[in-house]
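The structure appears below as structure tokens.
The values are calculated or read from the model by the stated rules, or taken from the named source; none is laboratory data. None of these values were measured; they are calculated from a predicted model. Cβ sites come from the backbone with ideal geometry, for glycine too, and all protein chains shown count toward neighbours. Protein only, heavy atoms only, side chains kept; ligands, DNA and RNA dropped before computing areas. Shrake-Rupley method; radii C 1.70, N 1.55, O 1.52, S 1.80 Å.
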Amino acid sequence: MLLLGVFALLGCHGPSTVKVGPPQPQAGCGDGVVQAPEDCDGSAFDGATCQSLGFDTGTLACTSDCHFSTAACVKRCGNGVLDPGEACDGSLGVPACASWGYQACSATCTVDSLHCGSMAFETAPQLDVTHGGPTVLGTLAATHTGALVMAEPGFGRLQLFPWNQVSGFDATAVRTLAFQRTPQVAEVCDVDGDGNDDFAAIDADGTVDQYVFTGTSYALRSVDAGVPGGRFVGSGFFGRGTGTRDLLIALPGRFVVVGDATGRSLAAADAGAATLVDLDRDGLVDLAWVDSTGGLHRLPAPDFVDDGGTPALGVVPTAIAMGDLDGDGDADLAAVVGDAVQVFENIGAAGFAPHGTFPAIGATQVFIRDLDLDGQPDVIIATQADVVVRHNRGQWTFTEIPLGLGAGPRLSVSIGDLDGDGDPDVVATLPAGGDATRTVVARNRVR
């Protein structure tokens, strides 16, 4: 029995008859063979070159961990130099559009002319309101669509008319923000600094109402600012340390900064035309205003203390706007003077030098905005006859583009992106008898 058990064990565990071949090479970085997940291995690149990886020239290298090194590869397009075969590179070689819009350099260094066109603006449907008032363009935070904000003093309310791409401002979807108030004029501002448009209005009693977007609706904040008859100069980050945006209101003899709960007066006994602009390029919005002798006062934020330099313009304008018209990095000036608009070049410590005059009979407002997005701000002038764009062609050359927004006195002119396509549109509201108004729209065709 014992012997049989031994034979049985030997039968189960006898010598194997399976033949074993020579050892197989082990895959790994450094063996000179490109195997996944390697890009390369030593001098082996599996056919890859700088050119096959999208570069123009150069020598491809392999790192010690078997991945491509393109440090010695050269990509000509994007190097800021017009190399042979390139139509443009960055801003080099990009011509201006013949009439309106902008061109850009593509990723392959060819000129993209998609946003050039012969038509600058087109007329969109107008809005007729029985009980209307002055307007301003804004954006509805909940839907990110454009809206017309209208102060209706005769009807005691502030209304929002959302933009409809087909029918224009939609009176059937109007939203009323307040009843039993007497708003005289409206403004758009980001009161709480959250990136969403909020709205404000000056009431007949001098109260400033702020309608702040809360995520689903608008909450009313009222500030007894004491500014009856005031007008909005604008809004911006004035650097008071709160992170919020403030409103600036102009009255005869003073300006008032309105924040969350208080109005702060700035003495300016001889205050005339005014505008907001970042004069010292520190990220804060400063105040510039002209006195009755034509002196331009510059009050830097956050304290708005006059910087002491009061360059003489030689004229006393009724409205001003500032922006970099000549591309040298500082703010130039456009001013309504009688039936004309004069432009002035900022020449630094020496002040402002006259640089041209545009006829503008009955001019009431002037703006400086880059309407066609070509990098050169344009001058927009509201007159009794129309709203006219002086298209900046560079080197202090401007061409005239009438917008066809109708003749007559204007309650307001506003510039903003009403249709959400990224370019600024222009809206004007005119009286239409009694409390009625008509709001006419010039839609920008750049995009």
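Considering amide H positions built from the backbone, and no H for Pro or chain starts, which residues 5 or more places from residue 398, or on another chain, come under 5 Å of its amide H?
Result for residue 398 returns 393.
Give a residue-ordered list of calculated ³J(HN,Hα) values for segment 381-388 (Karplus: 6.51 cos²θ - 1.76 cosθ + 1.60, θ = phi - 60°; whole Hz; x for Gly, Pro).
So the J values, rounded to whole Hz, are 10, 9, 10, 5, 8, 5, 9, 10.
Charges on Cβ only, +1 for Lys and Arg, -1 for Asp and Glu, centred on the Cα centroid of segment 62-198; of 94, 159, 130, which one is farthest towards the dipole's positive end?
The one lying farthest along the dipole's positive direction is 130.
If eta is 1.567 mPa s and T is 4 °C, what Stokes-Einstein diffusion coefficient results for the chain, Kirkwood Rh from Cα pairs, in µm²/s?
Details: Rh = 26.2 Å.
After rounding, the answer is 49 µm²/s.
Please compute, over every Cα-Cα pair in segment 287-329, the percentage with a separation greater than 13 angstrom.
Details: 528 of 903 pairs.
Pairs farther apart than 13 Å: 58 percent.
Hey, what angle do you get for helix 2-12 against the long axis of the chain, alpha-carbon based, 0 to 90 degrees rounded to 10?
Roughly 50 degrees, rounded to the nearest 10.
What accessible area, in Å² to the nearest ten, does a 1.4 Å probe give for residue 400?
The value for residue 400 is about 100 Å².
Using a 1.4 Å probe on the protein chains only, how many percent of the accessible area of the chain belongs to carbon and sulfur? Let's see the in-between values first.
Working: 11490 of 20990 Å².
Solvent-exposed carbon and sulfur of the chain make up 55 percent of the total.
Which value, in debye to the nearest 20, gives the size of the charge dipole of the chain about its Cα centre, when Lys and Arg are +1 and Asp and Glu are -1 at the Cβ? Write out the running numbers ahead of the final one.
Working: 22 positive and 55 negative charges, 167 e Å.
That gives the chain a dipole magnitude of about 800 debye.
Name the residue from 257, 314, 143 whose Cα lies farthest towards the positive end of the charge dipole of the chain, charges +1 on Cβ of Lys and Arg and -1 on Cβ of Asp and Glu.
My answer, from the dipole projection, is 143.
Is there a quick way to get the dipole size of segment 260-382? I mean about its Cα centre, with the Cβ of Lys and Arg at +1 and of Asp and Glu at -1; what is the value in debye to the nearest 20?
Working: 4 positive and 21 negative charges, 93 e Å.
It comes to approximately 440 debye.
Around residue 352, which amide H atoms from residues at least 5 apart in sequence, or from another chain, sit under 5 Å from its own amide H, with H modelled in the peptide plane?
Residues meeting the amide H criterion: 347.
Can you list the HN-Hα couplings for segment 102-113, worked out from phi with the Karplus curve (6.51, -1.76, 1.60; θ = phi - 60°), rounded to whole Hz and with x for Gly and Pro?
The phi angles translate into 9, 10, 9, 9, 6, 5, 9, 6, 10, 7, 8, 9 Hz.
Counting only helical runs of four or more DSSP H residues, what would the 222 nm mean residue ellipticity of the chain come to if each run contributes -39,500 (n - 2.57) and the total is spread over all its residues?
Working: 1 runs with 11 residues, N = 447.
Value at 222 nm, helices only, nearest 500: -500 deg cm²/dmol.
Can you give me the long-range amide H partners of residue 73? Hydrogens built in the peptide plane at 1.01 Å from N, cutoff under 5 Å, separation of 5 or more residues or another chain.
Residues meeting the criterion, in which the H sits 1.01 Å from N, are 59.
With every protein chain kept in place and ligands, DNA and RNA left out, what is the accessible area per residue of segment 144-198? Probe 1.4 Å, answer in Å². Before the final figure, lay out the partial values.
Details: 2340 Å² over 55 residues.
For segment 144-198, the per-residue accessible area is 43 Å².
Leaving ligands, DNA and RNA out of it, work out the accessible area of residue 68 with a 1.4 Å probe and give it in Å² to the nearest 10.
Per-residue accessible area (residue 68): approximately 60 Å².
Kindly state, to the nearest 0.05, the FRET efficiency for residue 318 paired with residue 172, given R0 = 35 Å and r defined as their beta-carbon distance. The partial results should precede the final answer.
Details: r = 39 Å, r/R0 = 1.11.
Computed FRET efficiency for residue 318 and residue 172: 0.35.
From the phi of every residue in segment 139-144, what ³J(HN,Hα) in whole Hz does the Karplus formula 6.51 cos²θ - 1.76 cosθ + 1.60 yield, where θ is phi - 60° and glycine or proline is x?
Going residue by residue, I get 10, 6, 5, 5, 10, 6 Hz, with x marking Gly and Pro.
Mind checking Rg over Rh on segment 236-379, alpha carbons, Kirkwood formula for Rh?
Working: Rg = 15.0 Å, Rh = 15.7 Å.
My calculation of the ratio gives 0.96.
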